[in-house]
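The values are calculated or read from the model by the stated rules, or taken from the named source; none is laboratory data. All figures in this text were calculated on a predicted structure; none of them were measured in a lab. Reconstructed Cβ throughout: ideal geometry from the backbone, glycine too, with neighbour counts over all protein chains shown. SASA here: full protein model, heavy atoms, side chains in, ligands and nucleic acids out. Shrake-Rupley method; radii C 1.70, N 1.55, O 1.52, S 1.80 Å.
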Protein chains: 2
Amino acid sequence: MAITILKGNIVSAPELGKLDVTEHGYLVAGDGIICGVFAQLPEQYAGAPVEDCGDALIVQSFADLHLHAPQYPMLGTGMDLQLLDWLNTYTFPTEARFADVDYARTIYRQLAAELISGGTTRVCMFSSLHTDATLVLMEELEKAGVTGYVGKVNMDRNAAPGVLEETTEESKAETLRWLEACGQFKYIKPMLTPRFTPSCTDELMAFLGKLSAEKKLPVQSHLSENQKEIAWVRELHPDCTQYWETYAKFGLWDDRTLMAHCVWSDARERKAMKDAGVTVVHCADSNVNVCSGAAPVRVMLDEGLKVALGSDIAGGDHLNMFDVVTSAIRTSKTVHVRDNWETPFLTVPEGWYLGTSAGAAYFGEKPGFAVGNPLHAIVLADDALPQPHPLTPAERLERCVYRRQKDAVRAVWSAGRKVYSAE
Amino acid sequence: MAITILKGNIVSAPELGKLDVTEHGYLVAGDGIICGVFAQLPEQYAGAPVEDCGDALIVQSFADLHLHAPQYPMLGTGMDLQLLDWLNTYTFPTEARFADVDYARTIYRQLAAELISGGTTRVCMFSSLHTDATLVLMEELEKAGVTGYVGKVNMDRNAAPGVLEETTEESKAETLRWLEACGQFKYIKPMLTPRFTPSCTDELMAFLGKLSAEKKLPVQSHLSENQKEIAWVRELHPDCTQYWETYAKFGLWDDRTLMAHCVWSDARERKAMKDAGVTVVHCADSNVNVCSGAAPVRVMLDEGLKVALGSDIAGGDHLNMFDVVTSAIRTSKTVHVRDNWETPFLTVPEGWYLGTSAGAAYFGEKPGFAVGNPLHAIVLADDALPQPHPLTPAERLERCVYRRQKDAVRAVWSAGRKVYSAE
């Protein structure tokens with residue numbers, strides 16, 4: 001068995017709001033699977049090579065459960081526009097360029113490298129509607145050491161005519177062609193990805209639901225992001241009382257389903273998510289940028305829903321998950337003020353849990369550096385700022401989060417493999 | 001006359017919401033004073049050396065009108081605490097360390113360097129109550145090339161006993177000693193700085209008001225940041241209807257006065273600011289972090305108040321003014337949503353204006369790269385990200401703002417002097 005031993009200040013999030021800290025401890029993995037965190041190295045590992053991270057923090061790596069890979073080139077642009085103008089002026093033309101696989105190769109290689117160097121080792125990601133570019137994306141992620149799911153986007157109505165569109169037949173045929181080619185990947189798996197209800201005909205939705213059941217494929221989409229969208233869905237599906245039912249009625253709604261945003265999900269819709277085991281992907285950066293609103297994350301957590309985080313680039317402006325965690329916290333603080341300082345905001349340990357353990361749970365991991373989890377870890381060397389007094393590991397982690405210290409990432413392990421080193 | 005010529009894509013903010021763009025243009029200064037922006041170099045400057053910035057953007061540098069220098073070491077820590085706990089656990093002990101001038105020298109040198117490398121060339125800044133450390137701060141800022149005002153803090157009541165306190169007599173005597181020593185500085189000037197009303201006795205406030213009038217010294221303080229603070233001020237000054245009157249009645253309220261926050265300033269208080277010509281310093285990062293609320297910036301602008309921006313470290317978590325501008329914009333977007341999408345959010349050109357021209361106005365500059373202004377400029381090389389299509393200079397600036405691209409700062413001019421170069 002190949003033993004990996006990391007020595008340093010080990011901080012993990014074993015439950016919402018709690019940090020486990022082992023100063024100058026040992027994180028041990030065998031064949032890439034965590035054997036334990038130890039204050040002293042157990043005798044059985046004596047003699048195995050130790051990667052000494054000195055005074056650095058060793059923390060769980062990030063899971064980014066919602067982002068649009070082909071929007072990477074447009075990060076941070078068009079943010080003064082309304083959603084529809086933003087889609088037409090920036091998003092659709094940008095995504096359309098991924099018909100060109102060479103362009104896709106260049107962009108996706110850079111994207112994969114930025115994910116890994118930022119400590120994001122698990123993703124659930126939207127590609128564009130292009131099958132070949134989607135396969136390029138999966139290849140580049142796999143090569144860089146990212147794990148998770150990618151979806152070729154399906155969108156056969158209300159698209160961008162002449163810019164970005166596919167017919168129902170094309171969408172079905174290309175989805176099948178794409179799925180056949182996915183067998184080559186070990187760490188990146190396919191996920192069905194209807195763009196959102198207004199983008200997909202009933203015929204296509206039914207096809208995807210059937211495919212999901214037959215091939216046991218998970219599903220990702222968008223839900224209740226903004227009020228105009230919700231009204232539009234109501235017009236399109238007068239038979240459905242709520243937005244989520246437009247997914248449920250086609251079999252796209254179970255415990256492996258991811259729904260991004262859920263800003264306006266009321267008690268009934270939240271109950272439907274809880275009952276089905278759907279995971280909410282909270283995308284605070286994006287929800288602020290495109291003025292959607294603030295998802296009721298505290299309520300969702302209190303109700304026992306599964307909530308993870310997503311960067312949602314390029315509605316979100318940063319891939320950096322330190323930023324995404326901070327945005328979730330900061331948005332919760334605006335909700336705290338709005339609610340007359342009554343709804344508790346997300347603490348740093350809570351935000352950290354959402355960006356790490358909660359996302360990892362989607363991939364079947366237990367929270368924290370639990371025994372049996374694949375080793376996903378970041379080494380953080382946060383020594384650039386003066387310190388008023390010796391900081392505890394928890395304070396250092398807090399500072400990395402609020403300061404969004406992507407630059408502190410010195411090494412990254414993904415599914416047991418060392419995939420990045422800053423040296 | 002010493003001529004400085006910068007060639008590049010010149011973008012400036014001549015009025016709220018507007019950007020002037022001169023692609024491949026020339027920004028010319030004589031003896032550090034701007035002579036103009038030109039599409040072609042006027043003949044009279046032929047032969048003068050040209051600093052060719054290639055395809056980079058040349059933009060105005062930032063003005064940070066509210067920050068606490070001695071809180072620099074605690075950036076990004078304690079952010080889960082309530083204001084009072086945060087002050088007692090982090091802020092007061094951190095500030096107390098500046099009794100040690102050697103410690104002050106180390107920290108303030110780093111602070112000054114970070115300001116300049118981030119493109120902040122004008123500041124109004126709180127020091128601690130320590131006279132000697134305040135002089136060290138002024139020295140280090142001046143050496144690094146920062147311009148503006150610094151204040152020794154006055155706080156003779158409700159302080160932190162045994163940690164950070166001064167008597168009324170000490171506060172007065174030290175203020176006079178400090179002012180006498182300030183003559184040595186050319187670019188950094190003194191500013192009277194009662195910490196806030198609850199920290200200063202009437203006797204001290206009256207002393208400072210008299211001093212301000214006698215020596216024509218400007219004043220900075222805090223106003224209406226949070227509701228408990230406002231209630232406390234009401235208890236302390238039952239004779240005053242509103243918080244601002246506690247400054248006004250002691251002569252600390254005129255057109256050179258800066259008031260940080262003003263989150264809860266109502267129409268009457270805003271009118272008092274407008275009538276007196278007081279400048280509001282909006283500190284969005286800090287107001288979110290310590291859950292104060294969202295200042296009514298759009299209303300203030302519509303009413304014609306002077307509004308500039310401040311990082312307010314360490315309630316704010318970043319010195320980086322790209323971050324501060326983005327925070328102001330993002331906070332305005334949460335207000336936009338809260339107000340049923342009716343109150344317009346700050347556009348990128350508006351946010352940029354507030355972080356540059358509006359702050360510069362406090363120092364007597366006209367907006368934008370106006371003729372007669374001292375040359376304060378940043379060169380931005382924003383070439384790290386892929387671009388979906390050739391971006392306009394305005395789009396590039398937007399991306400630098402939303403992406404908070406401090407790393408794009410390649411060179412900085414302050415009051416006519418080149419004070420930073422990334423090479």
query = Would you pick out the residues in the stretch A:143-176 that are surrounded by fewer than 18 Cβ atoms within 10 Å (Cβ to Cβ), touching a residue at least 40 places away in the same chain (Cβ under 8 Å) and outside any loop (DSSP other than H, G, I, E, B)?
reply = A:Ala160
query = Do you know which of the residues in the stretch B:359-375 that are open to solvent by less than 10 Å² (accessible area, probe 1.4 Å) and out of contact with any Phe, Trp or Tyr (no Cβ under 6 Å at 6 or more places or on another chain) is farthest from B:Pro218 (Cα to Cα)?
reply = B:Gly368
note = Residue hits (the stretch B:167-198; touching a His at 6+ places or on another chain (Cβ under 9 Å) and either at pLDDT below 95 or among the aromatic types (Phe, Trp, Tyr) (or both)) are B:Phe196
So A:Glu229, is it in contact (Cβ under 8 Å) with a residue 24 or more places away in the chain, assigned to a loop (DSSP other than H, G, I, E, B) and among the acidic types (Asp, Glu) = no
query = Could you say which residue among B:Glu139, B:Glu203 is assigned to a helix (DSSP H, G or I) and closer than 30 Å to B:Gly364 by Cα?
reply = B:Glu139
query = Given the conditions (1) away from chain B (no Cβ under 13 Å); (2) open to solvent by less than 40 Å² (accessible area, probe 1.4 Å), which single one is not true for A:Leu84?
reply = (2)
Single unsatisfied condition, B:Glu395 versus (1) within 13 Å of another protein chain (Cβ to nearest Cβ); (2) open to solvent by 20 Å² or more (accessible area, probe 1.4 Å); (3) in contact with a Cys (Cβ under 9 Å, 6 or more places away or on another chain) = (3)
ask   = What single numbered condition from (1) within 14 Å of chain B (Cβ to nearest Cβ); (2) part of a helix (DSSP H, G or I); (3) crowded, with 24+ Cβ neighbours inside 10 Å fails to hold for A:Ser128?
value = (2)
request  = For the stretch B:254-298, enumerate the residues that are of a type in the set (Phe, Trp, Tyr) and closer than 23 Å to B:Trp352 by Cβ.
outcome  = none
message = Anything in the stretch A:288-312 that is within 11 Å of another protein chain (Cβ to nearest Cβ) and either within 20 Å of A:Leu81 (Cβ to Cβ) or of a type in the set (Lys, Arg) (or both)? List them, or say none.
response = A:Val288, A:Asn289, A:Val290, A:Cys291, A:Ser292, A:Gly293
inquiry  = On the basis of being more than 14 Å from chain A (Cβ to nearest Cβ) and over 20 Å from the mean Cα position of the chain (by Cα), does B:Ala361 make the cut?
reply    = no
message = Conditions first: (1) of a type in the set (A, V, I, L, M, F, W, C); (2) closer than 23 Å to B:Asp80 by Cβ; (3) facing another protein chain (nearest Cβ under 10 Å); (4) open to solvent by less than 10 Å² (accessible area, probe 1.4 Å). A:Ala328 passes all but one, so which condition is the exception?
response = (3)
key: When residues of the stretch A:398-417 are limited to those that are over 25 Å from B:Thr91 (Cα atoms) and charged (D, E, K, R), the one most open to solvent (accessible area, probe 1.4 Å)   = A:Asp407
note = By residue number, the members of the stretch B:208-223 that are open to solvent by less than 90 Å² (accessible area, probe 1.4 Å) and not in a loop (DSSP other than H, G, I, E, B) are B:Leu208, B:Gly209, B:Leu211, B:Ser212, B:Ala213, B:Val219, B:Gln220, B:Ser221, B:His222, B:Leu223
The stretch B:246-284 - residue that is surrounded by fewer than 18 Cβ atoms within 10 Å (Cβ to Cβ) and among the acidic types (Asp, Glu) and, of those, farthest from B:Gly209 (Cα to Cα) = B:Asp266
key: Top-ranked residue of the stretch B:387-416 - restricted to ones that are among the basic types (Lys, Arg) and in a loop (DSSP other than H, G, I, E, B), ranked as nearest to B:Ile5 (Cα to Cα)   = B:Arg404
query = Considering B:Ser171, B:Ser199, B:Ser224, which residue is on the phi > 0 side of the Ramachandran plot and either outside the structural domain of B:Met125 (by TED's automatic domain parsing) or touching an Asp or Glu at 6+ places or on another chain (Cβ under 8 Å) (or both)?
reply = B:Ser224
task = Could you please find all residues in the stretch B:35-76 being assigned to a helix (DSSP H, G or I), within 27 Å of B:Gly148 (Cα to Cα) and of a type in the set (Phe, Trp, Tyr)?
result = B:Tyr72
task = Search the stretch A:12-40 for residues being at positive phi and in contact (Cβ under 8 Å) with a residue 40 or more places away in the chain, and hand back the single one that is most open to solvent (accessible area, probe 1.4 Å).
result = A:Asp31
ask   = Among A:Asn287, A:Asn226, which is the only one that is crowded, with 17+ Cβ neighbours inside 10 Å and at pLDDT below 95?
value = A:Asn226
key: Tally, over the stretch A:239-255, of residues that are in a loop (DSSP other than H, G, I, E, B) and aromatic (Phe, Trp, Tyr)   = 2
